[in-house]
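Since the structure comes first, as structure tokens, the remarks are kept for the end.
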Ligand SMILES: [Zn+2]
């Protein structure tokens with residue numbers, strides 16, 4: 001990564017630090033790598049997502065779509081299927 005990449009990553013972390021967790025809506029506690037570093041993901045800004053600790057720990061190195069399909073996020077708003085169904089009604 002270049003110095004510009006690091007600067008952008010730092011700026012983006014600061015911007016999303018107070019956003020709700022992208023997975024469950026709880027307060028953000030950590031920055032998640034959407035594509036895990038262990039899975040070849042980068043440390044660039046466009047691989048960051050605001051996350052609560054339970055979601056980040058639950059996701060760990062799981063690919064994003066598999067994590068979402070399993071409903072492993074720390075939601076008190078139901079499973080992914082329940083939330084999709086609720087949106088349609
Ligand atoms: Zn969460």
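The values are calculated or read from the model by the stated rules, or taken from the named source; none is laboratory data. Keep in mind it's a predicted model, so treat the numbers as computed, not measured. Glycine also receives a Cβ, built like all others from the backbone with ideal geometry; neighbour counts cover every protein chain displayed.
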Q: Within region 1-26, track down each residue that is outside any loop (DSSP other than H, G, I, E, B), in contact (Cβ under 8 Å) with a residue 24 or more places away in the chain and more than 23 Å from residue 40 (Cα to Cα).
A: 20
Q: Name the one entry in 3, 74 that is out of contact with any strand residue (DSSP E or B) (no Cβ under 7 Å at 6 or more places or on another chain) and modelled with pLDDT under 95.
A: 74
Q | Tabulated pairs, region 37-54, first within 14 Å of residue 17 (Cα to Cα), second away from the ligand (no atom under 16 Å from the Cβ) and part of a helix (DSSP H, G or I), C-beta under 6 angstrom, 6+ apart or interchain | A | 45/8; 45/9; 45/12; 48/12
Q: Can you tell me which residue within region 27-51, out of those that are under 16 Å from residue 68 (Cβ atoms) and out of contact with any strand residue (DSSP E or B) (no Cβ under 6 Å at 6 or more places or on another chain), is nearest to the ligand (Cβ to nearest atom)?
A: 50
Q) What number of residues within region 59-75 are in a helix (DSSP H, G or I) and within 8 Å of the ligand (Cβ to nearest atom)? A) 0
